[in-house]
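Comments concern the structure below.
Every number here is computed from the coordinates shown, using simple stated rules; none is lab data. All values reported here derive from a predicted model rather than from experimental measurement. Every residue, glycine as well, gets a Cβ built from its backbone with ideal geometry; the counts of neighbours run over all protein chains shown.
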Amino acid sequence: MFFTLMAVTFGISAFVAWLSVTLFKRPLAEIFERIIKDPISVAWQKYVVFATYVVGVSGGVRIYQLERYITAPHHDAEIITLSAERWVLELYRTVIETLQSIAWMYLIVFIFALVAYVIVKGFEFKYRSYEAPKPTPEKKD
């Protein structure tokens with residue numbers, strides 16, 4: 001029963017991570033293309049996708065929490081049995097923990113992206129101010 005729970009939580013967390021990657025793929029691509037403006041932006045996108053899967057699965061499959069079903073916390077305690085209620089609780093916890101882990105990771109990525117965007121905009125503004133002003137054509141009455 002424990003191995004089934006572990007496999008199911010892994011599958012659910014991988015699915016939730018895939019769903020998150022699918023939802024955020026286009027915004028990530030646009031952000032990285034805008035900030036980096038180089039073909040290496042694709043590599044950064046791939047890295048963030050990989051990190052999303054790693055963070056999502058590691059957050060959703062909580063090994064230390066699952067150990068409660070195979071070992072007792074101390075000598076006098078009993079091992080917790082996997083009932084239907086526990087299954088529902090563990091599956092719900094898997095979804096929530098996966099989403100929470102991915103949300104924190106994306107928050108950090110987007111904070112750094114926002115800082116990078118502000119820096120890029122600052123350099124663009126500075127570059128435009130150094131350009132010579134173009135003469136405007138005179139209007140004839």
Practice prompt. Sort Glu30, Glu90 so that the residue with the fewest other Cβ atoms within 10 Å of its own Cβ comes first and the one with the most comes last.
Written response: Glu30, Glu90
Fill in: 12 Å beta-carbon shell around Leu5, net charge (K/R +1, D/E -1)
+2
Worksheet item: Between Tyr127 and Leu114, what length comes free when the chain is fully extended (0.36 nm per residue of separation minus the Cα-Cα distance, one decimal in nm)?
Response: 2.7 nm
Worksheet item: Over the chain, what number does the Rg to Rh ratio reach, with both radii from the alpha-carbon atoms and Rh per Kirkwood?
Response: 1.32
Practice prompt. Under 19 Å Cα to Cα from Lys25, which aspartates and glutamates show up? Leave out anything in the same chain fewer than 8 places away.
Written response: Glu33, Asp38
Worksheet, complete the sentence: Here the gain from full extension of Ser58 to Val8, 0.36 nm per residue of separation minus their alpha-carbon distance, amounts to 16.6 nm
Worksheet item: Using θ = phi - 60° and the Karplus curve 6.51 cos²θ - 1.76 cosθ + 1.60, what whole-Hz ³J(HN,Hα) does each residue of region 47-63 get, with Gly and Pro shown as x?
Response: 5, 5, 5, 4, 4, 4, 5, 5, 5, x, 5, 5, x, x, 9, 8, 4
Fill in: Among Thr94, Thr52, Thr22: highest mean-square fluctuation, GNM of the chain, C-alpha pairs under 10 Å
Thr22
